[in-house]
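To start, the structure itself, in structure tokens.
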Amino acid sequence: MDAAGLYNAFEIFLWSALGLAVGWRGLGAPPRGRRLSRVAATAFLLFAVSDAMELKTGAWWRPWWLLAWKAACVLVLAGCLAAHLRGRASKRAE
């Protein structure tokens, strides 16, 4: 395995670990937070799977659907972060 393959293998571990940690952390959250953590955890885990696919294809942009898959995961994670930050801001305002 070359350096790029090792990096991808590390990313698979990283995104999987983050997905499991976010999912675990969300178990004790209120319903809205639990739902948000499930969505984020799923997106992290799907991103890890996309990195596994990248190992097979050799590129993150090839085939086109792999790029779309990765972009969708990033958009979902950005939306989760925005929702989390909005929730924290509204909690502080109360």
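The values are calculated or read from the model by the stated rules, or taken from the named source; none is laboratory data. Only a predicted model underlies this, so the values are computations on that prediction, with no experimental measurement involved. For neighbour counting, all protein chains shown are included, and Cβ atoms are generated from backbone atoms with ideal geometry for every residue, glycine included. Keep in mind that these areas ignore ligands, DNA and RNA; they rest on the heavy atoms of the full protein, side chains included. Shrake-Rupley method; radii C 1.70, N 1.55, O 1.52, S 1.80 Å.
Beta carbons closer than 8 Å, at least 6 apart along the sequence or on distinct chains, pair a first residue in region 3-32 that is in contact (Cβ under 8 Å) with a residue 24 or more places away in the chain with a second that is in a loop (DSSP other than H, G, I, E, B) and open to solvent by 30 Å² or more (accessible area, probe 1.4 Å) for A9/M1. Out of A52, A41, A48, A29, one residue alone is closer than 16 Å to G79 by Cβ, in contact with a helix residue (DSSP H, G or I) (Cβ under 7 Å, 6 or more places away or on another chain) and of a type outside the set (S, T, N, Q). It is A41. Considering region 8-32, and only residues there that are buried (at least 16 other Cβ atoms within 10 Å of the Cβ) and of a type in the set (G, A, S), the residue that is farthest from S90 (Cα to Cα) turns out to be S16. Against the test of being in contact (Cβ under 8 Å) with a residue 12 or more places away in the chain and either under 21 Å from M1 (Cα atoms) or surrounded by 14 or more Cβ atoms within 10 Å (Cβ to Cβ) (or both), the options L67, L45 yield a single qualifying residue, L45.
Evaluation of A52 against the conditions (1) of a type in the set (G, A, S); (2) surrounded by 11 or more Cβ atoms within 10 Å (Cβ to Cβ); (3) in contact with a Leu (Cβ under 9 Å, 6 or more places away or on another chain) shows that the sole unmet condition is (3).
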